[in-house]
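Chemist: I'd like to ask you about the structure that follows.
The values are calculated or read from the model by the stated rules, or taken from the named source; none is laboratory data. Given the structure is predicted, the values throughout are model-derived calculations rather than measurements. Backbone-built Cβ (ideal geometry, glycine too); neighbour counts: all protein chains shown. Keep in mind that these areas ignore ligands, DNA and RNA; they rest on the heavy atoms of the full protein, side chains included. Shrake-Rupley method; radii C 1.70, N 1.55, O 1.52, S 1.80 Å.
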Amino acid sequence: MAPQDEPVETQVLPLGDEAIAEAARLILAGRPVAVPTETVYGLAADATSDSAVAEIYRAKGRPSFNPLIVHVGDLDRAETIGRFDPAARAAAARWWPGPLTLVVPLRPDAGLAAAVTAGLDTVAIRCPAHPAMQALIRACGRPLAAPSANSSGSISPTCAAHVFKSLGSRIPLILDGGPTARGLESTIARFNREGVALLRPGPITLADLLAVAKAPEIPAGDAIQAPGQLRSHYAPSKPLRLDAVAAEPDEWFIGFGTVSGDDNLSPGGDAGEAAARLFAALHRGDESERSRVAVAPIPDEGIGLAINDRLRRAAAPRET
Ligand code: TXA
Ligand code: MG
């Protein structure tokens, strides 16, 4: 067992065969390791081990009612963990490996640690596209539970330095694969007999999902389905003002397109580029000498829907 709350030395290793082997060794010994994916860095641990999964919750300070995503190498492995109807299978076939998480009924014989699903009868499964995460899954030979590699409620990490700032001295290893390509967490959609419910907007839009799944949209429901849905989440430590057209005194201003500021998410007004750069920009605003942060308007369409979802939560009053 890992030492509980005692600080550990956090190693940062550049990606490569040796780094993957060391990460797999730690994971099979029950420790959590930070690893890049195409969305954000994840904190990966053995999804079949109660004590390994407990280490994730402990390192993140994550509430235990908040279940984890299980990462697998392919759809065949996913089908041993959850029940896929034709609609879920169509979505997986279209977007896996990629930034889509499917919430499906949990198989009783899935073999997961109970804390992974936090007692729900559904499970969130994703097949990531990043070669590092794929290599790690293969080297471990088991599904990996991995939330974003940040302390609970704070901004998600899109590079190794963000992980180090948030979890340094709490985890033994960070694999450094440079900045992530997408920059926003995966789309989360729940599939059941009635249809498809969008639990978290992301790189894959609801419209595209419904078209491929050939299923109707159903409401996500009232219960907290994805605590990425908590009103305050992804939050910088400073007040954040949205839809700003100019900076007020003492604001760090994050621009977009022709609205320029201290930073610009995409001078050319490309929403995909803005998504990839969003969390790094919020981290820089947090680290700046100004006491508040403001962000220019982002068009509410396509990936812009997911960007605005994260910004609203980052700007919401803190709940805890
Ligand atoms: O892109 C991503 O999805 C990243 C990378 C590392 O894969 N992971 C990620 O994990 O964003 P996390 O834990 O930060 O967000 C996962 C979300 C949580 O809000 C959790 O509540 C939700 O997935 N979730 C997990 N299992 C669920 C379930 N059975 N039903 C509904 N929501 C679930
Ligand atoms: Mg997260």
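Chemist: Report the gain in length on full extension from residue 194 to residue 237: 0.36 nm times residue separation, minus Cα-Cα distance, nm rounded to one decimal. If you can, show how the numbers build up before the last one.
Modeler: On the way: separation 43, 0.36 × 43 = 15.48 nm, distance 3.99 nm.
Taking residue 194 through residue 237 to full extension adds about 11.5 nm, to one decimal.
Chemist: On the accessible surface of the range 131-273, probed at 1.4 Å, how many percent belong to carbon and sulfur atoms? Walk me through the numbers before you get to the answer.
Modeler: On the way: 3180 of 5980 Å².
Of the solvent-accessible surface of the range 131-273, carbon and sulfur hold 53 percent.
Chemist: Can you tell me the order of 52-64, 156-168 when each peptide is scored by its average per-residue count of other Cβ atoms within 10 angstrom, highest first?
Modeler: Put in order of decreasing packing, that is 156-168, 52-64.
Chemist: So how much slack lies between residue 18 and residue 287, counting 0.36 nm per residue of separation and subtracting their Cα-Cα distance, in nm?
Modeler: Details: separation 269, 0.36 × 269 = 96.84 nm, distance 3.31 nm.
Length difference between fully extended and current span is 93.5 nm.
Chemist: Looking only at Cα atoms, what is the convex hull volume of the range 37-119 per residue, in Å³?
Modeler: Details: hull volume 7.7 nm³, N = 83.
Spelled out: Cα convex hull of the range 37-119, divided by residues, is 93 Å³.
Chemist: Moving to a separate point now. Lys/Arg Cβ at +1, Asp/Glu Cβ at -1, dipole of the range 49-105 taken about the Cα centre: which of 64, 51, 90 is farthest positive-ward?
Modeler: Positive-most Cα among the choices belongs to 64.
Chemist: So what's the range 103-148 giving for Cα Rg divided by 2.2 N^0.38 Å, two decimals?
Modeler: Here the Cα radius of gyration is 1.23 times the empirical estimate.
Chemist: Here's another thing I want to ask about it. Rounded to the nearest 20 Debye, what is the dipole magnitude of the chain about its Cα centre when Lys and Arg each give +1 and Asp and Glu each give -1 at the C-beta?
Modeler: Values: 31 positive and 37 negative charges, 109 e Å.
The dipole magnitude comes to about 520 debye.
Chemist: So, one more: Residue by residue through the range 136-149, what is 3J(HN,Hα) from phi via Karplus (6.51 cos²θ - 1.76 cosθ + 1.60, θ = phi - 60°)? Round to whole Hz and write x for glycine and proline.
Modeler: 5, 4, 5, 5, 7, x, 7, x, 10, 7, 8, x, 4, 8
Chemist: Which value does Rg/Rh take for the chain over its C-alpha atoms, Rh per Kirkwood? Display every interim value, and only then the final one.
Modeler: Details: Rg = 18.9 Å, Rh = 19.7 Å.
A ratio of 0.96.
Chemist: Quick one: which residues, 5+ away or cross-chain, put their amide H under 5 Å from the amide H of residue 154? H built at 1.01 Å from N.
Modeler: Amide H neighbours of residue 154: 234, 235.
Chemist: Give me the one-decimal nm value for the distance between modelled label points at residue 207 and residue 245, 7 Å along each residue's Cα-to-Cβ direction.
Modeler: 2.7 nm
Chemist: What is the set of long-range amide H partners of residue 196 at a cut-off below 5 Å, with H atoms built 1.01 Å from backbone N?
Modeler: 217, 218
Chemist: Work out how much length residue 94 to residue 214 would gain on full extension: take 0.36 nm times their residue separation and subtract the Cα-Cα distance, in nm to one decimal. If you can, show how the numbers build up before the last one.
Modeler: Numbers: separation 120, 0.36 × 120 = 43.20 nm, distance 1.25 nm.
So the extension gain works out to 41.9 nm.
Chemist: Excluding residues on the same chain fewer than 8 positions from residue 238, give the lysines whose Cα lies under 17 Å from its Cα.
Modeler: Filter leaves 165.
Chemist: If we sort 128-135, 300-307 on the protection proxy, mean other Cβ atoms within 10 Å, highest first, what's the order? Provide the component values of the computation, followed by the final result.
Modeler: Numbers: 128-135: 22.0, 300-307: 18.4.
Those peptides, ordered most packed to least, come out 128-135, 300-307.
Chemist: Accessible area, 1.4 Å probe, largest first: how do 270, 50 sort?
Modeler: 50, 270
Chemist: Okay, next question. In a solvent-free Debye calculation with one equal scatterer on each Cα, what is log10 I(q)/I(0) for the range 22-67 at q = 0.13, 0.14, 0.20, 0.31 Å⁻¹, listed in the order of the q values?
Modeler: -0.27, -0.32, -0.64, -1.16
Chemist: Send over a whole-number figure in Å² for the accessible area per residue of the chain, probe 1.4 Å. Show your work: numbers first, answer last.
Modeler: Details: 13280 Å² over 320 residues.
Per residue, the chain has 42 Å² of solvent-accessible surface.
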